[in-house]
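Note sheet for the following structure.
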Amino acid sequence: MKWNNIPQVKLGIVAVSRDCFPVQLSQTRRSAVVKECEALGLEVAEIPTAVENETDLQKALEEARQAGCNALTVFLGNFGPETPETLLAKYFDGPCMFVAAAEGDGDLIGGRGDAYCGMLNCSYNLGLRGLKGYIPSYPVGTAQEVAAMMAEFVPIARTVLGLKDLKIITFGPRPQDFFACNAPIQGLYQLGVEIEENSELDLLAAYRKHENDPRIPNVCADMAREMGEGKYYPDLSARMAQFELTLLDWAQEHKGSRKYVAFADKCWPAFPEEFGFEPCYVNSRLVSRGIPVACEVDIYGALSEYIGMCVSGEPVTLLDINNSVPSYLYQEDIAGKFDYALTDTFMGFHCGNTPSCKLCGGGAVKYQLIQHRLLEPAGSEPDFTRGTLEGDIAPGPITFYRLQCDSQGQLRSYIAQGEVLPVPTRSFGGIGIFAIPEMGRFYRHVLIEKRYPHHGAVAFSHCGKALFEVFRYLGMEDIAYNHPKSLPYPTENPFA
């Protein structure tokens with residue numbers, strides 16, 4: 001069962017018109033955009049009223065509400081009326097995009113709209129009123145081009161809507177010496193995200209209440225279907241199913257006024273001994289259903305995962321930026337086969353939270369080697385440290401990114417696109433060999449210089465463009481990325 005844990009965007013388009021221009025110009029151009037949206041398979045509600053004044057504004061807002069719109073494209077079919085067009089962003093309860101019509105579908109006398117000019121004043125008035133609106137990188141286009149901009153707006157709108165109704169549920173506190181997973185929650189409130197903080201003891205009490213839950217056998221059967229014979233521990237299934245149901249019920253019962261949830265849970269050192277297993281596999285199952293679960297009470301990791309899920313529309317994961325690739329492995333399997341330097345590569349790893357659909361062959365449920373060393377007798381067979389989902393991460397394009405609140409309460413982010421290489425890792429856990437152009441410089445002058453934690457979120461596609469626009473919409477001034485060689489970082493030594 002996949003949870004309905006991200007918004008469904010219902011996009012509307014409203015044309016605006018300055019009263020000294022023909023309103024028919026905006027209306028005709030609006031309808032042409034809708035036709036191009038249909039050709040793209042993008043469902044758009046065409047708002048009948050073209051807005052020329054504040055009376056039209058109220059009527060158009062009511063039509064958008066009746067159509068069920070939760071995101072809106074404000075389309076300047078001509079110059080546009082500066083007051084009502086910007087007030088749409090004030091009174092519409094959802095993200096608004098502002099775009100303008102290019103000339104060329106008529107003559108340059110009666111058929112000229114001057115929306116290229118009107119877009120400037122629209123932006124100026126949004127600033128005067130302190131209103132937020134999404135404006136594409138080049139917001140003037142033909143009907144076909146505007147339709148393409150609207151399609152790109154959908155994942156941005158979905159993310160903004162999701163954050164507006166998101167609650168992050170934590171079970172903590174963070175593990176000892178994991179200061180990197182401890183960040184001010186003020187940044188969540190700045191974004192409109194709610195948080196509910198609980199103790200690990202609360203989780204244990206809820207888990208015990210689910211013993212003998214009648215739904216457990218069905219969950220066990222689903223786990224067996226997912227993993228396949230010989231790739232899981234049958235004696236652990238009931239305990240893990242009990243835990244899965246505990247989290248799902250907690251999410252349902254504790255959403256409160258919010259529609260969507262993400263978890264940030266403590267998973268060691270007490271968890272495996274008290275619960276009898278490692279939670280990683282269950283966490284992977286939840287994220288495959290659209291409910292991110294960040295390890296080690298990483299609140300901003302959970303937030304980042306949720307953002308990536310909204311943007312990409314598919315499962316994501318959270319990994320340690322973990323270890324360098326050994327020179328011998330690089331020479332054997334990467335050099336001469338892929339256009340990356342050794343310092344462009346690293347291994348992204350976590351104990352076993354990556355969903356099976358993103359692992360080569362679906363992975364297998366195993367045990368946590370590091371926790372086994374720490375918690376169980378030397379030389380013993382793994383017992384309660386079993387429950388991780390391990391395997392090499394499937395090769396393909398990725399975006400590595402994170403949104404973080406720093407120690408001063410400032411929100412910042414980074415984005416880097418790359419790929420997982422089709423190279424065996426020869427290691428344990430959920431792990432892959434990642435390659436990002438100029439990763440070595442990015443590692444030093446962004447991740448280290450700006451003091452980011454070791455956790456990064458991973459989306460399994462190149463979605464940096466949409467993530468960048470989301471972070472800009474959220475008001476972040478510091479959005480870092482991996483600079484090409486030709487562009488030094490401010491802290492990079494020019495004499496190196």
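Just so you know, all these numbers are worked out from the coordinates, no wet-lab data involved. Remember, it's a predicted structure, so these values are computed and weren't measured experimentally. Don't worry about glycine lacking a Cβ; one is built from the backbone with ideal geometry, like all the others, and counts go over all protein chains shown.
Summary of values
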quantity	calculated
The range 422-481: GluC sites (Glu not before Pro) in DSSP coil with no more than 11 other Cβ atoms inside 10 Å	GLU477
Sparse-neighbour loop sites [GluC sites (Glu not before Pro); the range 180-234; at most 12 other C-beta within 10 Å; DSSP]	GLU211, GLU229
Kyte-Doolittle mean at least 0.0, axial Cα span of 15 Å or more - DSSP H helices of the chain	115-128, 143-164, 216-227, 299-312
Two-site label geometry, ARG444 and GLU152: point separation in nm, points 7 Å out along Cα→Cβ	3.4
Relative contact order, percent, the chain [alpha-carbon distance under 8 Å, six or more residues apart]	13
Pairwise centroid distance, computed over Cα atoms, of the range 25-93 with the range 235-277, Å	43
Residue pairs, from the table LYS164/LYS255; LYS10/LYS358; LYS358/LYS450; LYS167/LYS255; LYS358/LYS465; LYS337/LYS358, whose Cα atoms sit over 18 Å apart	LYS10/LYS358; LYS358/LYS450; LYS358/LYS465; LYS337/LYS358
For the range 382-417 versus the range 9-23, the gap between their alpha-carbon centres in whole angstrom	42
Placed amide H near ILE195: partners under 5 Å, 5+ positions off or other chain	ILE168
Answer label, with Cα Rg over 2.2 N^0.38 Å calculated from the coordinates and candidates (1) 0.97; (2) 2.04; (3) 1.08	(3)
The range 295-395: trypsin sites (Lys or Arg not before Pro) in DSSP loop, at most 13 other beta carbons within 10 Å	LYS337
Modelled FRET efficiency - R0 30 Å, LYS90 with LEU487, Cβ distances, 0.05 increments	0.20
